[in-house]
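**Q** One structure is given below, represented as structure tokens, and several questions about it will come after.
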Amino acid sequence: MARIPLRKMKKNQSGTITAVKVGGEMGRRLREMGLVPGTVITVQGRAPLYDPVALRVLGSTLTLRNNEAEFIEIEVADLATDG
Amino acid sequence: MTTTTKIALAGNPNSGKTTLFNHLTGSRQHVGNYPGVTVEKKEGVYNAHGKKVHIIDLPGTYSLTAYSEEEVVARDFLVTEKPQVVINIADAANLERNLYLSCQLFELGIPTVLALNMIDAARDRGITIDAARLEELLGLPVVPIIARSGQGTVELMDRAIAVAREPRTWQPVSISYGDDLDNLLLEMETEIETAAFLTDTYPARWTAIKYIESDQQIIAKGQACNPELAAELTARVAAVADHLQQTMDTYPEAVIADHRYGYIKSILKQGVIRQQFDPARLFASDRIDMVVTNRFLGPLIMVAVLLGLYHLTFTYGKPLQDVLTMVFGWLGAGVDHLLPAGHLKSLLVSGIIAGVGGVLSFVPLIMLMFAGIAVLEDSGYLARVAFMMDRVFRIFGLHGSSVMAYIISGGIAGGCAVPGVMATRTLRSPKERIATLLTAPLMNCGAKLPVLALLTGTFFTQNKAQFLFLLTLLAWVVALLMAKLLRSTVLRGASTPFVMELPPYRLPTFKGLAIHTWEKTWQYIRKAGTVILGISILLWAAMTFPGLPAEREAQFESQRQAIMQTHTADTTQVSQAALGTLTAARNLEALQHSLAGRLGIALEPLSRLAGFDWRTNIALVGGFAAKEVIISTLGTAYSLGETNPESSASLSQALAADPAWNPVTAMAGIVFIMFYAPCLVTVACIIREAGSWKWGLFSMAFNTAAAFALAVAIFQAGNAMGLGG
């Protein structure tokens, strides 16, 4: 088990959110979309220029820019999992 | 009190709220704007077994905070208009997230009926929901529906109307936010109750929660209502915020969000949802995405789709536009024939018919373009385009969704800025949206093309096609740089978070498309039509008044009589030509004498810097109305009489022969025409879409100044290098 920022996650890797370290509007936007501690996410893919990233969250697909993904800390099972 | 039942629809974007609204109200709907904001207000009437029920479609939101206009509008509507009941539409396949908004409705206490939409799509994904169990746990009616087919909607409405008829007060639900915040909330609630602080509008606990969430709107209202108590509440929240920061490294608003989700999870866990498959399982939509947003195939498919849309619109829209142009041409000719010469005729033909006809002839293009965008939007593809393009557009302070507006406006030479500006509605972030709608008109729209083609054809005959392509690239570069400039100055500010949903692909319904397209088209006809009518008349007056002095008119008339007298059957051609020359000379002098003409002449000392003489100036002034006017006005200014924009060979010769024009002047002219003030229809749309006159005026002043600076730079540099020949 390791905690890494969402930004560092690879394609098809899954994990559980442990913290969303941002307040203000961005924090609010992330939380209202279900990105709160305890939520399981899977990285579904990235845009052709590697940014933004598409996530599977609570049965829907969300997109985030990398600089926004930076604030989300994820507990992943195994760092070696590769997409 | 009247007994009209008022029902509001609330729900997340993509939850099928609009589909339900369309299904319930059909064509009995009305679209307006909420006062002071650009958010659309949709109202309609539902026929409940012969009784009329008033339905309001609130803007789609994920939450009820004060961060976006949509959210403020939605919650202000709920607390001030107090609809008897809210129908909360939730996507059944994504219930947990959709219930986040529901939680906030429960906390407000407004009577709510929950509609579980797309219950069929959820079933296909292996999700079954026990609606009866959820109803029991939440203590409010829960009705599964399929809005597309209308299944369950009659039951939904019957139950909603039943709730609306119950005379009852709002009953806010209390959600626990953990020890720290619960204690704070309890204390604040008592103080708020005792002081009757905002309690005529909001429940006390709700106000307290908003203070903890540092909600700007409520804090401002509190400050106005009771500054002392407001300061105390703020101080209490700050103390607890400090405590939370030190002990748990978190924010009060984060604690609130976490507990709301906790509350939702605790309900759903009690046997409400059965999930048959692994949640990470890939569905059809995900498999489409693997191809459509693939690193290599994605961009190729995107270019193909956008080119296809564009092609379709202009292949089918252009002939229709030409037909309308022709009809207005006939109408003009008819009036021309019927009325005696004079100002009334001139006003009707050159002012009103030409002006309003110019606007209405765009309608087919706009309809097709909107139909195309509606297909892309309703199917879910537009969100993918934004996803793929965001990285590039962000460099310039824009958003992935900006690409659509650029392309429609003429990003692939030949669009139109009017639907382009209107397409910025798909952008949810205000600053990026304004930057996009201000820069989209810099693209080479269909009306600029004939002018650009004329100048290119006259002065850059070598590589005409390549040259026009270069001009398209130039438009993109300038538009993006201007956007960057705006976003670093007048529209400065951090980019709005890109947190966006990629909804599952869905087949758009015909009804949805038809309503969508007609609604936008009608708005265009109505709003732009009225503004343009006024402005066309003004412009006509500027080019007509003051008229030539009576003695000059008399001189022209006597010359005309002289030609007529010498006219014999043998000399028909000669006298026809002489009459033509005379009329052209008269029109030229009248134009010079008019307000627009005088303006053109007065501007000459300044415009000389960019190489434009007074004739060009008049044409450019006319181009404010519509870029199509540039060629016909230049024609008048070069005494050519009537100049048809499509066959401007004689104008081309006149320009080539005029020593004032050379490749450097032409280049300066091209650049100026590409980038100066948008046409008036576009300005009217900018004002409407940006919600303020300020931005319309800004776009005229800013674009003209920037274009002039560029044109002067080109003219001066070109001449310095000796390219002016």
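Quick grid of which residues meet (1) within 23 Å of residue B:533 (Cβ to Cβ); (2) modelled with pLDDT of 80 or more; (3) among the hydrophobic types (A, V, I, L, M, F, W, C):
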position: B:307; (1), (2), (3): no, no, yes
position: B:323; (1), (2), (3): yes, yes, yes
position: B:340; (1), (2), (3): no, yes, no
position: B:351; (1), (2), (3): yes, no, no
position: B:354; (1), (2), (3): yes, no, yes
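**Q** Moving on. Which strands (runs of 3 or more DSSP E) does segment A:1-49 wholly contain that include 1 or more residues that are among the polar types (S, T, N, Q) and modelled with pLDDT under 95?
**A** A:14-20, A:40-46
**Q** Right, residue B:216: more than 14 Å from every other protein chain (Cβ to nearest Cβ) and surrounded by fewer than 16 Cβ atoms within 10 Å (Cβ to Cβ) or not?
**A** No; evaluated as a whole, the condition is false for this residue.
**Q** Sticking with this one: Could you grab the pairs with beta carbons closer than 7 Å, sequence gap of 6+ or different chains, first residue in segment B:546-560 and closer than 23 Å to residue B:598 by Cβ, second one of a type in the set (A, V, I, L, M)?
**A** Final answer for the pair search is B:547/B:590; B:548/B:590; B:556/B:582.
**Q** With the condition kept exactly as written, say whether any residue in segment B:410-419 is in contact with an Asp or Glu (Cβ under 9 Å, 6 or more places away or on another chain), open to solvent by 10 Å² or more (accessible area, probe 1.4 Å) and not in a helix (DSSP H, G or I).
**A** Within segment B:410-419, not a single residue is in contact with an Asp or Glu (Cβ under 9 Å, 6 or more places away or on another chain), open to solvent by 10 Å² or more (accessible area, probe 1.4 Å) and not in a helix (DSSP H, G or I).
**Q** Moving to a separate point now. Take the residues in segment B:465-510 that are of a type in the set (D, E, K, R) and in contact with a Gly (Cβ under 7 Å, 6 or more places away or on another chain); name whichever of them is least open to solvent (accessible area, probe 1.4 Å).
**A** B:487
**Q** Could you check, for segment B:272-288, whether at least one of its residues is closer than 30 Å to residue A:63 by Cβ, more than 9 Å from chain A (Cβ to nearest Cβ), surrounded by 18 or more Cβ atoms within 10 Å (Cβ to Cβ) and at pLDDT 90 or above?
**A** yes
**Q** Please go through segment B:4-17 and pick out each residue that is modelled with pLDDT under 90 and either under 16 Å from residue B:504 (Cα atoms) or open to solvent by less than 10 Å² (accessible area, probe 1.4 Å) (or both).
**A** B:13, B:14
**Q** To continue, here is another question. When segment B:78-98 is examined, which residues are found to be open to solvent by 10 Å² or more (accessible area, probe 1.4 Å) and within 20 Å of residue B:16 (Cβ to Cβ)?
**A** Scanning segment B:78-98 gives B:91, B:93, B:96.
**Q** If I filter segment B:250-267 for residues that are open to solvent by less than 70 Å² (accessible area, probe 1.4 Å) and more than 14 Å from chain A (Cβ to nearest Cβ), do I get at least one hit?
**A** yes
**Q** Just one of B:231, B:224, B:204, B:241 is within 37 Å of the chain's Cα centre (by Cα) and either open to solvent by less than 60 Å² (accessible area, probe 1.4 Å) or over 30 Å from residue B:384 (Cβ atoms) (or both); which is it?
**A** B:224
**Q** Considering only residues that are part of a loop (DSSP other than H, G, I, E, B) and more than 7 Å from chain B (Cβ to nearest Cβ), look in segment A:58-79 and name the one that is nearest to residue A:8 (Cα to Cα).
**A** A:70
**Q** Taking strands (runs of 3 or more DSSP E) that fall entirely within segment B:33-101, which contain at least 3 residues that are on the phi < 0 side of the Ramachandran plot and touching a Pro at 6+ places or on another chain (Cβ under 6 Å)?
**A** By residue number, no strands (runs of 3 or more DSSP E) qualify.
**Q** If a residue has to be more than 7 Å from chain B (Cβ to nearest Cβ), buried (at least 19 other Cβ atoms within 10 Å of the Cβ) and among the charged types (D, E, K, R) to count, how many in segment A:15-57 make the cut?
**A** So the count comes out to 1.
**Q** Scan segment B:668-684 and tell me whether some residue there is assigned to a helix (DSSP H, G or I) and open to solvent by 30 Å² or more (accessible area, probe 1.4 Å).
**A** The answer is no, given that none of the residues of segment B:668-684 is assigned to a helix (DSSP H, G or I) and open to solvent by 30 Å² or more (accessible area, probe 1.4 Å).
**Q** Right, next: Would you check which residues across segment B:685-695 are modelled with pLDDT under 90, surrounded by fewer than 24 Cβ atoms within 10 Å (Cβ to Cβ) and under 22 Å from residue B:361 (Cβ atoms) and list them?
**A** Correct list: B:688, B:689.
**Q** Only one residue in B:374, B:453, B:435 is more than 13 Å from every other protein chain (Cβ to nearest Cβ), more than 15 Å from residue B:685 (Cβ to Cβ), in contact with a His (Cβ under 7 Å, 6 or more places away or on another chain) and outside any loop (DSSP other than H, G, I, E, B), so which one is that?
**A** The unique qualifying residue is B:374.
**Q** Quick check on segment B:114-146: of everything there that is modelled with pLDDT under 95, farther than 15 Å from residue B:96 by Cβ and of a type in the set (D, E, K, R), which residue is surrounded by the fewest Cβ atoms within 10 Å (Cβ to Cβ)?
**A** The qualifying residue surrounded by the fewest Cβ atoms within 10 Å (Cβ to Cβ) is B:124.
**Q** Name, by its number, the condition in (1) out of contact with any Gly (no Cβ under 9 Å at 6 or more places or on another chain); (2) part of a helix (DSSP H, G or I) that does not hold for residue B:440.
**A** If we test residue B:440 against (1) out of contact with any Gly (no Cβ under 9 Å at 6 or more places or on another chain); (2) part of a helix (DSSP H, G or I), just (1) comes out false.
**Q** For residues that are open to solvent by 20 Å² or more (accessible area, probe 1.4 Å) and of a type in the set (A, V, I, L, M), tally how many sit in segment B:150-189.
**A** The qualifying residues number 4.
**Q** Being within 25 Å of residue A:66 (Cβ to Cβ), in contact with a Phe, Trp or Tyr (Cβ under 6 Å, 6 or more places away or on another chain) and either part of a helix (DSSP H, G or I) or open to solvent by less than 30 Å² (accessible area, probe 1.4 Å) (or both): is that true of residue B:400 here?
**A** Answer is yes for this residue.
**Q** Working carefully through the options B:298, B:317, find the one that is more than 30 Å from residue B:69 (Cα to Cα), assigned to a helix (DSSP H, G or I) and at the interface with chain A (Cβ under 10 Å from one of its Cβ atoms).
**A** Answer to the check: B:298.
**Q** On the basis of being farther than 22 Å from residue B:692 by Cα, more than 28 Å from the chain's Cα centre (by Cα), open to solvent by less than 20 Å² (accessible area, probe 1.4 Å) and outside the structural domain of residue B:506 (by TED's automatic domain parsing), does residue B:48 make the cut?
**A** Judged against the criteria, residue B:48 is a match.
The values are calculated or read from the model by the stated rules, or taken from the named source; none is laboratory data. Here the structure is a predicted model, which means the values were calculated and not measured. So basically every Cβ, Gly included, is an ideal-geometry build from the backbone, and we count neighbours across all protein chains shown. Side chains included, ligands, DNA and RNA excluded: accessible areas come from the protein's heavy atoms. Shrake-Rupley method; radii C 1.70, N 1.55, O 1.52, S 1.80 Å.
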